[in-house]
1. Quick check on the range 235-261: of everything there that is open to solvent by 60 Å² or more (accessible area, probe 1.4 Å), part of a helix (DSSP H, G or I) and at pLDDT below 85, which residue is nearest to Pro181 (Cα to Cα)?
2. Modelled with pLDDT of 90 or more, farther than 28 Å from Asn71 by Cα and surrounded by fewer than 16 Cβ atoms within 10 Å (Cβ to Cβ): does that describe Glu270?
3. Say whether the condition of being modelled with pLDDT of 85 or more, in contact with a Ser or Thr (Cβ under 8 Å, 6 or more places away or on another chain) and within 25 Å of Arg133 (Cα to Cα) is met by at least one residue in the range 187-195.
4. When the range 167-191 is examined, which residues are found to be closer than 22 Å to Val264 by Cα and outside any helix (DSSP H, G or I)?
5. Can you give me the number of residues within the range 79-107 that are out of contact with any Pro (no Cβ under 6 Å at 6 or more places or on another chain), in contact (Cβ under 8 Å) with a residue 40 or more places away in the chain and not in a strand (DSSP E or B)?
6. Of the conditions (1) among the aliphatic types (A, V, I, L, M); (2) touching a strand residue (DSSP E or B) at 6+ places or on another chain (Cβ under 6 Å); (3) at pLDDT below 95, Val54 satisfies every one except a single condition; which number is it?
7. Restricting attention to the range 164-186, report how many residues are touching a Lys or Arg at 6+ places or on another chain (Cβ under 8 Å), at pLDDT below 80 and either open to solvent by 30 Å² or more (accessible area, probe 1.4 Å) or acidic (Asp, Glu) (or both).
8. Scan Asp150, Asp222, Asp213, Asp218 and give me the residue that is within 27 Å of Arg96 (Cα to Cα), touching a Leu at 6+ places or on another chain (Cβ under 9 Å), among the acidic types (Asp, Glu) and surrounded by fewer than 19 Cβ atoms within 10 Å (Cβ to Cβ).
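The values are calculated or read from the model by the stated rules, or taken from the named source; none is laboratory data. Here the structure is a predicted model, which means the values were calculated and not measured. Positions of Cβ are generated from backbone atoms using ideal geometry, with glycine treated the same way; all protein chains shown enter the neighbour counts. Calculation scope for accessible area: heavy atoms of the full protein, side chains included, ligands and nucleic acids excluded. Shrake-Rupley method; radii C 1.70, N 1.55, O 1.52, S 1.80 Å.
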Amino acid sequence: PPQIHVSVPAAQLSLPCPSEWKQHPLLLTATPNSGMTIRGIRRLCDPSFFDSPVNSEHTNNGSLMQLPINNGKEEPRQSWVIDFETELFAGTALFRIRDCHTEALSTGNSSVASKHDYFGEKNRKYQVCIRGRFKQKVVMATCVSGLLLDRPLVISRKVNSNAPPRWILRAAVRIANILSPRMDAELECDHPRVLSPLCSTAQTIRKHVQKEDPVYLDEPQDEPHPDSAASLVADLKNRGSDENNANYAQYRKRTFNTIYDDYVQSNSTESPHFDESEYTFEFLQHLVDYNDLTLDLGRAMGKIKLGAGLHGQPVRITAISNATDE
């Protein structure tokens with residue numbers, strides 16, 4: 001299938017000393033000079049910046065702000081969320097990483113064991129839920145999400161004996177391309193990347209309709225039925241009639257992939273857009289453990305350490321629109 005390749009300028013990032021990281025060994029920040037502004041950090045139960053901007057106590061003033069990551073054991077509505085805004089989108093994000101340290105975020109008695117565990121027996125290590133609105137119409141097929149690096153990976157054992165073997169990286173890319181043919185994955189280049197079309201990457205996408213009472217971001221997110229006005233399928237053309245033979249998310253992804261392929265081949269201006277409605281996107285992954293930077297490739301290949309290959313550079317988690325295909 002055709003692909004859209006993207007090029008994103010390198011970020012000028014100067015990180016604080018690891019001893020100052022509130023959730024060491026993890027640190028989450030907005031990428032400097034990326035056009036993102038942090039409007040507020042709050043508990044989910046508190047009013048958002050967009051509802052009461054004058055009450056925000058955490059608006060970014062240009063300094064590097066450490067952003068909160070939840071571990072899934074928070075009480076209902078007590079998860080930390082981030083209100084943010086870019087040139088194209090404004091909304092709220094909730095990050096969860098299995099087993100991350102949250103003691104520095106707690107204001108109550110952190111010694112009390114929680115009865116809640118989002119991850120529990122789930123086969124996943126990471127969840128991000130984002131809810132908000134696009135500030136202008138954006139062609140769905142131009143939106144991609146994934147990971148970016150600013151510098152080449154260290155893959156030479158002569159440089160670092162702990163670097164991941166070259167053959168492992170190549171095998172991982174081949175497997176990824178088989179599982180997701182529209183993926184733009186390149187690890188042996190100046191700016192390594194793993195990017196996929198956003199609408200076929202997200203585990204859940206919901207378009208909120210009027211008079212609907214949306215679930216909270218910390219609650220389970222369900223893909224709407226394809227016939228529902230809340231489903232992205234309603235905005236996509238060329239839909240089939242086999243929704244009863246597949247789960248709703250897989251049906252939405254297959255429907256979008258047809259639109260994506262047509263757009264890449266023709267660059268049609270008639271391709272479906274995200275409109276001014278409110279949307280919720282949920283992203284999940286089970287391969288990378290960010291606590292120790294390992295890639296779990298299953299029993300056949302085991303866990304691969306990624307830290308030496310990154311050589312101290314941060315991983316940029318991104319969702320971007322590449323409307324100009326540059």
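1. Step by step, filter the range 235-261, then rank; the result is Asn245.
2. Against the criterion (modelled with pLDDT of 90 or more, farther than 28 Å from Asn71 by Cα and surrounded by fewer than 16 Cβ atoms within 10 Å (Cβ to Cβ)), Glu270 does not qualify.
3. Checked the range 187-195: at least one residue is modelled with pLDDT of 85 or more, in contact with a Ser or Thr (Cβ under 8 Å, 6 or more places away or on another chain) and within 25 Å of Arg133 (Cα to Cα).
4. Matches in the range 167-191: Ser180, Pro181, Arg182, Met183, Asp184, Ala185, Glu186.
5. 10
6. Of the numbered conditions (1) among the aliphatic types (A, V, I, L, M); (2) touching a strand residue (DSSP E or B) at 6+ places or on another chain (Cβ under 6 Å); (3) at pLDDT below 95, the odd one out for Val54 is (2).
7. Counting residues in the range 164-186 that are touching a Lys or Arg at 6+ places or on another chain (Cβ under 8 Å), at pLDDT below 80 and either open to solvent by 30 Å² or more (accessible area, probe 1.4 Å) or acidic (Asp, Glu) (or both) gives 1.
8. The unique qualifying residue is Asp150.
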